[in-house]
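First up is the structure itself, then whatever we jot down about it.
Throughout, read-outs are computed from the coordinates displayed, never taken from laboratory work. Predicted model, so just to flag it, every value in this text is computed and none were measured. Quick reminder, even Gly has a Cβ in these numbers, built from the backbone with ideal geometry, and neighbours come from all protein chains shown.
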Amino acid sequence: MASLCLSLHQTLNPSAAPRARPLTLSFPRSTTISLRPSTKRAATVTTRASYTPTPAIERVISIASYALPFFNSLQYGRFLFAQYPRLGLLVEPIFPILNLYRSVPYASFVAFFGLYLGVVRNTSFSRYVRFNAMQAVTLDVLLAVPVLLTRILDPGQGGGFGVKATMWGHTGVFVFSFMCFVYGVVSCLVGKTPYIPFVADAAGRQL
């Protein structure tokens, strides 16, 4: 009977009824990700490379090697010197050495085999010297090709055009040889390795 009265009292008076607790949902705390770069500096690793200059004696031998193809290419410049005599002043300083070179019988063959057997195939020399010597030898062989073609084809039989073609060809060969000589000498003076197009690849395969 008492419980019935209590139930009736709660129905008639809702404020007297016990209040239900509100439903709460709890979420974990969000994690904040900072996109700011770290203030710590990354450790830097410094590598020092040692540079060893090319010895002077190796530079001298390399420069002397390029004199061989240049001396043998002077014959191609006769048409150019005949047309422009003042260009002879460029090679006038080497006339004493050139006269000494030509005074030796078969100087071209002696210098060629001496350079190839005495320097290129001599492993006591550094690769720098051997490469320059082999490049000079290869260039000297290539410079002999126009002479052989001239003797075989005999362009004089072609009339005026054949003579002009010979003059242009010889002049072009001499200019190319002169540029290679200057490039090789300047590179060796500063201790760098000159790389003549096509010639350097052929020379490198022989070492």
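For the modelled label position 7 Å from the Cα of Ser126 along Cα-to-Cβ, which residues of region 55-99 have backbone nitrogen atoms closer than 19 Å? The answer is 55-66, whose backbone nitrogens lie closer than 19 Å to the label point.
On the basis of the beta-carbon distance and an R0 of 35 Å, Asp201 and Ile57 show a calculated FRET efficiency of 0.85. Quotient of the Cα radius of gyration of region 56-205 and 2.2 N^0.38 Å, N being its number of residues: 1.10.
Report note on the peptides 79-92, 186-199: ranked by the mean count of other C-beta atoms within 10 Å, highest first, their order is 186-199, 79-92.
Summing Lys, Arg as +1 and Asp, Glu as -1, what charge do residues with Cβ under 12 Å from the Cβ of Phe71 carry, Phe71 excluded? Once positives and negatives cancel, what remains is 0.
FRET efficiency for the Gln75 to Val186 pair, using the beta carbon distance and R₀ = 25 Å, is estimated at 0.55.
Straightening the chain between Asp154 and Asn99 buys 16.9 nm, computed as 0.36 nm per residue apart minus the Cα-Cα spacing. Counting every other Cβ atom within 10 Å of each residue's Cβ, Ile94, Ile61, Ile152 order from fewest to most as Ile152, Ile94, Ile61.
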